[in-house]
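Take a look at this one; I'll ask things after.
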Amino acid sequence: MSFTVNQISPVLGAKITGLDLGQEIGDNLVSEIRQTWLEAGGLLVFPEQTLTTEQHITFSRHFGPLFGAPGETPLQETVSRYLHPDHPEIYRVSNQTEDGMPDGKPRGRAGAGTYWHSDVAFKKRPAAASILHAVTIPATGGDTLFCNMTAAYAALSDTMKTILAPLRAVNDFAQTAANQFARPVVVEDDLKGANRAIHPVVRTHAETGEKSLFVNPGTTTHLENFNSDESAALLDLLFRHATKPEFCIRHSYTQGDVVMWDNRCLMHYAVNDYGDQPRYMERTTAIGEVPE
Ligand SMILES: O=C(O)CCC(=O)C(=O)O
Ligand SMILES: [Fe+2]
């Protein structure tokens, strides 16, 4: 293999060194990276990359069509203000404003993802890989947590697995909008059903064949065919279970890190503990398959 793999923790993740993602990557190398990603539970860290935005997009395209690319499904309209002005496939996460102007346009979404979630789970075809490039990081803080929903599922009792097997969950951006976005920012059209999808509570990974929990506090509003108290109690149990430290890792960034996670089998949480220290991240998001 033309790169070095170091496991990050027993539950999740691998660090890949010896690769410059800015170089053109051939098909063989792409499949080696993909295989390593799947074997690592869906989390790879490529430390200290010096990618241009274009190179980030070129690398990301190897992992599927990208939300926002010409001719592809865009992300929800509400976040269009945070996209890169020249590259609609780049979603920007930042507490900075354009050109350093204090009252200028935001350079990205501040405090994005400060809740457990799986990216774009409210679409019929949610995200597969999200690929985040850490361009500017705070001196301390601004970590991202990930939890392994395959391991969480595996640790459930057989009785609970049997209960969950036929269940389906409603996922709706309206829930994220209500909890995470200032009201004037939300585009009303996003709340009318285009960003609502019903998915199996347990999904089977299209590439590994492994089962994972596929509900998240960010977008899952309720379970079908339960009354609301029952649904809330069961979801709460699953969320508390899945986010136990045993299923989680916490990534502390070094400048330039590229982190690639699989939304089909992980949740993540961006820790918003860095105050005004500048933080700027660029993310691409690959469109996955319809969950089954
Ligand atoms: O900024 C981060 O650490 C991650 C934010 C997030 O949820 C995302 O980019 O999908
Ligand atoms: Fe996210």
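How would you rank MET267, MET160, MET260, going from fewest to most other Cβ atoms within 10 Å of each one's own Cβ?
MET160, MET260, MET267
Apply the Karplus curve 6.51 cos²θ - 1.76 cosθ + 1.60, θ = phi - 60°, to the phi angles in region 138-143 and return the couplings in whole Hz, x for Gly and Pro.
Ordered by residue, 3J(HN,Hα) equals x, 4, 9, x, x, 6 Hz.
Right, next: Treating only the Cβ of Lys, Arg, Asp and Glu as charged (+1, +1, -1, -1), what charge dipole size does region 4-97 show about its Cα centre? Round to the nearest 20 debye.
Roughly 280 debye, rounded to the nearest 20.
Still on this model: Take each uninterrupted DSSP H stretch in the chain, measure its Cα extent along the helix axis, and return the ones at 20 Å or beyond whose mean Kyte-Doolittle hydropathy is at least -1.0.
Result, helices passing both filters: 228-242.
Same structure again: Could you tell me how far the Cα centroid of region 141-173 sits from the Cα centroid of region 208-225, in Å?
When both Cα centres are located, 6 Å separates them.
Ignoring trypsin sites (Lys or Arg not before Pro) that are buried or in helix or strand per DSSP, and keeping those with at most 16 other beta carbon atoms within 10 Å, what is the longest stretch of the chain between them?
Working: sites that count: LYS124, LYS192.
My reading of the result: 1-123 is the longest stretch.
Rounded, prolate or oblate: which fits region 116-185 when a ≥ b ≥ c are the square roots of the eigenvalues of the alpha-carbon gyration tensor, with rounded for a/c under 1.5 and prolate only if a/b beats b/c? Please list the in-between numbers first.
Values: a/c = 2.36, a/b = 1.43, b/c = 1.66.
Taking the square roots of the gyration eigenvalues as a ≥ b ≥ c, region 116-185 is oblate.
Report the calculated FRET efficiency for TYR280 and ARG34 (r = Cβ-Cβ distance, R0 = 41 Å), to the nearest 0.05. Intermediate results must be reported in sequence, preceding the final value.
Working: r = 28 Å, r/R0 = 0.67.
With a Förster radius of 41 Å, E is 0.90.
Give me SER228, SER130 sorted ascending by neighbouring Cβ count inside 10 Å, so fewest comes first.
If I rank by nearby Cβ atoms, fewest first, I get SER228, SER130.
Which of the lysines could a cross-linker bridge to LYS123, judged by Cα under 27 Å and excluding same-chain residues fewer than eight apart?
In chain and number order, the partners are LYS161, LYS192, LYS211, LYS244.
Explain nothing, just the number: dipole magnitude of the chain about its Cα centre with +1 on each Lys and Arg Cβ and -1 on each Asp and Glu Cβ, in debye rounded to the nearest 20.
Approximately 480 debye in magnitude.
Give the share of C-alpha pairs in each 10 angstrom bin for the chain, from 0 to the last occupied bin, in whole percents, shortest bins first.
Whole-percent P(r) values from 0 Å outward: 6, 29, 37, 22, 5, 0.
Rounded, prolate or oblate: which one fits region 148-292, using the alpha carbon gyration tensor with axes a ≥ b ≥ c (rounded when a/c is under 1.5, else prolate when a/b beats b/c, else oblate)?
Taking the square roots of the gyration eigenvalues as a ≥ b ≥ c, region 148-292 is oblate.
Within region 168-206, find all residues whose amide N lies under 20 Å from a label point positioned 7 Å from the Cα of ALA154 along Cα-to-beta-carbon.
201-206
Same structure, new question: Projected onto the charge dipole of the chain (+1 at Lys/Arg Cβ, -1 at Asp/Glu Cβ, origin at the Cα centre), which of HIS56, ALA154, MET281 gives the Cα projection farthest towards the positive end?
With unit charges placed on the Cβ atoms, the residue in question is ALA154.
Here is a follow-up. Which one of ALA134, LEU213, LEU145 has its Cα pushed farthest toward the positive end of the charge dipole of the chain, where Lys and Arg give +1 and Asp and Glu give -1 at the Cβ?
LEU213
Turning to a different aspect of this structure: Could you give the length gained on full extension between SER2 and GLU230, defined as 0.36 nm per residue of separation minus the Cα-Cα distance, in nm?
77.0 nm
Report ³J(HN,Hα) in whole Hz for each residue of region 81-98, in order, from the Karplus equation J = 6.51 cos²θ - 1.76 cosθ + 1.60 where θ = phi - 60°; Gly and Pro get x.
My calculation for region 81-98 gives 5, 9, 6, 5, x, 9, 9, x, 7, 9, 8, 10, 10, 6, 9, 9, 10, 3 Hz in order.
Amide H of GLY218: which non-local residues (sequence gap of 5 or more, or other chain) have their own amide H closer than 5 Å, using H built in the peptide plane?
Placed amide hydrogens put SER118 under 5 Å from GLY218.
Further question: Quick check: residue separation of VAL185 and SER252 times 0.36 nm, minus the Cα distance between them. What number comes out in nm?
Stretched out fully, the VAL185 to SER252 stretch lengthens by 21.1 nm.
Let me ask you something else. For labels at THR50 and GLU207 in the simple 7 Å Cα→Cβ model, what's the distance in nm?
Label at THR50, label at GLU207, 2.9 nm between them.
A short reminder: the numbers here are calculations on the coordinates, not readings from a lab. In this text, all values refer to a predicted model and were calculated from it rather than measured experimentally. Quick reminder, even Gly has a Cβ in these numbers, built from the backbone with ideal geometry, and neighbours come from all protein chains shown.
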